[in-house]
Amino acid sequence: MLRGSYARPDRCANPANKLFSNNTYLSGRRNKIHDKNAKLVSDVENLVSVEACLGTEDSCIDFTHGEKPLRFEVLSVLQQLKDAASQHGYDIAVASGYRSFAQQLHIWNAKAKGERPVLDSEEREIARELMSPGDIMFAILRWSALPGASRHHWGTDFDIYDRAAMPPDYSLQLTVAETQAGGVFASMYQWLDTFLQSNSLGFYRPYARDTGGIAPEPWHMSYQPLAVHYQHVLNIDVLARQIQATDIVFKREILQNLDEIYHRFVLPPIS
Ligand SMILES: [Zn+2]
């Protein structure tokens, strides 16, 4: 179902409408919301469709209540995280939320065709004229997910920064340097590290460390109680079918290397 449609399938209509119809999301009764959320999460258990997992169906995504589109349930818990951070002077903002398969495909094809730069692990542009299509494909995967395999397709994952620490005219980069000692967002990340250890609200950072696949992304947050269900739906066969049916650059290289791609870049670490 496409964005903007008012008809929603039953699997997310009732919980979401309940959550927002009595305006509790905006009213500040957030402890209650968290309790409700546990119920909502159990309601959607085992109801994640293959299409929602691949980002080709977005009926459970809320495009109107948050800074960026996310699943209904995630928005309410995110507000609790924002409230906790604001007590320490941080203004957690979302740089990127839900992203559709079509959007990810556009990014992928632009990089694969050389219309957008492809960076190496040191964030330098690769010399693509010296590289094979397969090598370019793996270089793209270091920084960009294979369409269909992005956690941003799920509406459970999002990228954050501290809006309160942004100097005027600062252009957000989402680099590791911004998050580390001396970086513009270092203080918020220090607080976040401690917060996630003590009261995570269900959030965790799947790409906090370099595991040799996707480059570290400390800004990438995931709402695990929901994300885990998408994780169970996503497998190599689902991905292979979707790539087969898609007009994607490097299709042959992707399908030839799908096993390695899946195990290095898709299987998300669970912490
Ligand atoms: Zn991200």
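Here, each number is a calculation from the coordinates, and none is a lab measurement. The structure presented is a predicted model; accordingly, all values stated were derived computationally and were not measured. Here Cβ is always computed from backbone atoms with ideal geometry, including for glycine, and neighbour counts include all displayed protein chains.
Of the residues 251, 111, the one with the fewest other Cβ atoms within 10 Å heads the list, and the complete ranking is 251, 111. Within region 193-271, the proportion of Cα pairs with more than 15 Å between them is 64 percent. Shown for 234, 174, 192: other C-beta atoms within 10 Å of each C-beta, ranked fewest to most, produce the order 174, 234, 192. The packing ranking of peptides 214-221, 53-60, 153-160, highest mean first, is 153-160, 53-60, 214-221, where packing means the average number of other beta carbon atoms within 10 angstrom of each residue.
Output the direction-averaged projected area (hull surface divided by four) of the convex hull of the alpha-carbon atoms of region 136-188, in nm².
For region 136-188, the mean projected area of the Cα convex hull comes to 5.2 nm².
Overall, region 115-271 carries a charge dipole of about 380 debye about its Cα centre when +1 sits on the Cβ of Lys and Arg and -1 on the Cβ of Asp and Glu, all other atoms neutral.
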